[in-house]
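Here's the structure, in structure tokens; my notes come after.
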């Protein structure tokens, strides 16, 4: 009820203001008729005045002019007002020619309507201008009364369409904490001009010489569709300014850009300096639509993002399976908030190592597609807990594969890792064994595939959260070796790769992704420290602590010319390695089952895994040969 009266009071106020200024404008034009030879000079002009006012206001109500929020009005709203006054003028002419004895000339009618329209538009332009410029002295005090958020002067880098859109958004929002004081642009045609009342300065090379003299506190970059090399140069340039640098862009944790652009901090994902991997297409969404889909490890980083992406594709039902209740509970609450009753999903707390319980889940839901993301992945922890890595990763995968086959799943997708390529640790060796299990099921009615990718930025236990925590604690940031290199991708990219390959027709294949150039972990640490506004090796020290047991100095290239076949997707390949037969795999699994109960030491487990995974090598031997490869790898 309060909002109703507020809306009505705003309507009455607008009408009253228009009535006042239009009355003055109309009467000034009509009054001039008395000094002409027109027959109207001796008539009662009040009748014409009221008729004209009535027609125009009637047309404005019909065109819903007074329902617009004028502080946010754009060209289409002003066009609506022009059309309404034209319609009102035509209505007046019709009434004048039909009912009045003396007729107002067409020229006088047009002049009167036009002046009234001009005064109304001018009042709105002035109102918008004053709301956008709280820095003007004559408006400052009034604006401060309304404002509760202090303003921060910012320079917007880029006076293109995106930069202007941001400026308009900031100027029209009284609660925004930013005030656009300048545009910075390299287009010399724009430099020195005003856009939305904001001065355009530039180019970058000149501005950086005296940027400290500008009355700004922060810089916002608007950089759409920019080549990775140009993006890198721009970010580096302005990060060296000493100001806090922000970007106006989509959230980095979303690949489909369903959310609107927002002002946010520069994240490490922005500093990968490569073109983003976008694999969305309608065929993928159509494949999963209407299907029952099971995700194991659904509460983890990859499993939860897979679930989010699948939820958008209108599946019949999602089954979220995880042994860790907190992560999958949070995911379930997120889905409830986002979809309500529009999404059918069930949360199952279970272990993939419990074969009987797993079979009951498959028997109940009969999933058509299975994504197997449940696994232990931390290399140092698994080196210290070899038996658990083998039981959970290998036999948990075996149980899930058998269940999918027994209960007639159409498709099974294993989430693998680059550490499975010529593994040097227990975790990598177990994941390679999981790949071989998948490859051995070529004769199955279920299509089994594995998807292999590198390190995932921001995933649970990854290096980025660790570095951030160390920086927050004042350092030092610890790295195992300054030469160590890794491939990186974002969580959404990894999830999209998995979904894309999950609908393909090939059986028992391993899909790998061309992830571009690897990145030195040392460089990653330097960039994260710089993002925090600190100086590496001065404010925050970077210390080497030595390679951990089983850790490679470098990861194998995920895609090489030999043994890989490119799909129709530029960055997705199929590894054509020789598959192991089902009989051979069963023999190796039996060897593990018989030996595991009698082993006690980590080295014994490692020797056992070398028997069943021939590519498993000693990390020290591999790293001794890695120095020359690192020097020639073209690391960015």
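Neighbour counts of other Cβ atoms within 10 Å put 564, 434 in the fewest-to-most order 564, 434.
Report the rotationally averaged projected area of region 372-479 based on its alpha-carbon convex hull, in square nanometres.
Its Cα hull, projected and averaged over all orientations, spans 7.6 nm².
What does the extension gain come out to for residue 98 and residue 610, with contour length at 0.36 nm per residue minus their alpha carbon separation? Can you show the working numbers first?
Numbers: separation 512, 0.36 × 512 = 184.32 nm, distance 10.19 nm.
Residue separation times 0.36 nm, minus the Cα-Cα distance, leaves 174.1 nm.
Segment residue 545..residue 262, full-extension length gain: 98.0 nm, with 0.36 nm per residue of separation and the alpha-carbon distance subtracted.
Computed on region 148-272, with alpha-carbon pairs under 8 angstrom and 6+ residues apart, the relative contact order is 22 percent. Relative contact order, whole percent, for region 390-459 stands at 40, derived from Cα pairs under 8 Å and 6 or more residues apart.
Model label sites at residue 175 and residue 325, defined 7 Å from Cα along the beta-carbon direction, differ in position by 3.8 nm. Comparing Cα centroids, region 295-364 and region 164-190 end up 43 angstrom apart. Entry note, region 411-530: relative contact order of 31 percent, from Cα contacts under 8 Å with a spacing of 6+ residues. Descending by average beta-carbon neighbour count within 10 Å, the peptides 312-322, 334-344, 526-536 line up as 312-322, 526-536, 334-344, the highest first. For region 155-208, the Kirkwood radius over C-alpha pairs fed into Stokes-Einstein at 20 °C and 1.002 mPa s yields D = 193 µm² per second. Short to long, the 10 Å bins of the Cα pair-distance histogram for region 148-272 hold 12, 47, 34, 6, 0 percent of all pairs.
Report the semi-axes of the equivalent ellipsoid for region 291-441 in whole Å, largest first, where each axis is √(5λ) for an eigenvalue λ of the Cα gyration tensor. Intermediate results must be reported in sequence, preceding the final value.
Working: eigenvalues 134, 58, 36 Å².
So the equivalent ellipsoid measures 26, 17, 13 Å along its semi-axes.
Quick one: if the Förster radius is 35 Å, what FRET efficiency do residue 285 and residue 378 give, using the C-beta to C-beta distance and rounding to 0.05? Here the calculated transfer efficiency is 0.60.
Could you work out how much longer the chain between residue 537 and residue 388 gets when fully extended? Use 0.36 nm per residue separation minus the Cα distance between them, nm to one decimal. Kindly include the intermediate steps, with their values, before the conclusion.
Working: separation 149, 0.36 × 149 = 53.64 nm, distance 3.89 nm.
Result: 49.8 nm gained on full extension.
Between residue 190 and residue 127, the modelled label-to-label distance comes to 3.0 nm, taking each label 7 Å out from Cα in the direction of the beta carbon.
With the simple spin-label model, which puts each label point 7 Å out from Cα in the Cβ direction, the residue 482 to residue 15 separation comes to 7.7 nm.
What's the FRET efficiency of residue 442 with residue 565 using the Cβ-Cβ distance as r and R₀ = 22 Å, to the nearest 0.05?
On the way: r = 16 Å, r/R0 = 0.74.
Result of the calculation: an efficiency of 0.85.
FRET efficiency for the residue 218 to residue 334 pair, using the beta carbon distance and R₀ = 22 Å, is estimated at 0.10.
Values in this text are rule-based calculations from the coordinates and carry no lab data. Here the structure is a predicted model, which is why all the values come from computation and not from measurement. Reconstructed Cβ throughout: ideal geometry from the backbone, glycine too, with neighbour counts over all protein chains shown.
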